[in-house]
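Just so it is clear, none of the values below were taken in a lab; they were calculated from the coordinates. Everything quoted here is computed from the prediction, not taken from an experiment. As a convention, Cβ positions derive from the backbone with ideal geometry for all residues, glycine included, and neighbour counts pool all protein chains shown.
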Amino acid sequence: MTAAWPVRLRSARQIPLGAGLLLLASAAFHTVVLVLVGGPWDGPVSWRKPITFGLSFGISVLTVTWICGLLPLAARIRTLLLGAFTAASLLETGLITLQAWRGVPSHFNTETTFDTVVTRALAAGGVTLVAVVIALTVAALRPNPTTAPSMRLALRAGLLALTGSMAAGAVMIAYGLTLEGAGRAAEAYQSAGFLRPAHAVTMHAVLLLPALAWLLSRIRRPEAERLRLIRITVAAYGAVVALVTAAAAVGLTLAGPATTAAVSAGVTMAPALAFLAFGASPVVRANRRTTTPGNQKPTHGSHRPTLAGGLDDGGRHGA
């Protein structure tokens, strides 16, 4: 049993990784469909929805798979939370994609019994996502001395932002269901998504902030400097979130909510992916080799026991 458990842990990580890549492939496929078939970008029936949900949930599943290894969680709890998040992400994206191919709205649609079941299932999936994110946030707020302070702050701020994103999504769903229950489905389609920009800009902080902390550890910045930079980034990010949320709440957007949400998510994800790509670049790897034990003493905070924030360490942390 003892020897078999690490094998099961590896399998538990491989399934979410495969699911995340599948969701990204779905987003790419439906981008091609949109280009070939055409159709509106905004509105309750659009190829935009399987594209944006596939991309966002694909990135989110991969991100949660990574950060789960950095949080002080028991192995079985980690596997349970990661499995629930992955299943809910697949459910949400799958049902939205199904409804897009059927040519009907995915949310707030009770025209038929089947559509009603889909709408309720999407709400249940959302509840599952909220519960998992709250559990991960609570874990991040617990003391974790094996992780560098800069990474701890990045994880906590990112997960708190993700909790806010889930809360914004819950508000939109509750508002839309209230309108739909009152027989105002058309109004629900038009106005229930008013917080989509805020939902999008807060969703991927959990990738952006830890990715920056990880990159800073890869380029051997002293821990005090890393912590200071993460604090500045968190403060700047919080200001952007406050601005976007306030503008969304009063209906001030330069474009439609869907377009603004897509741009907000892209602005968040792009630098995070760039950080990860740069961290894996030959230049950074060469810099790491110059600080190996055979060359010189590592910079403070960069040795493996206290880093616990790199992609190469995450798979063993807490296992």
Distance between region 199-237 and region 78-107 - C-alpha centres, whole angstrom:
29 Å
How much net charge surrounds A139 when only the other residues with a Cβ under 11 Å from the Cβ of A139 are counted, with Lys and Arg +1 and Asp and Glu -1?
+3
Please arrange D42, D115 by how many other C-beta atoms lie within 10 Å of their C-beta, fewest to most.
D42, D115
I need the shape label for region 197-248. Rule: rounded when a/c is under 1.5, else prolate if a/b > b/c, else oblate, with a, b, c from the alpha carbon gyration tensor.
oblate
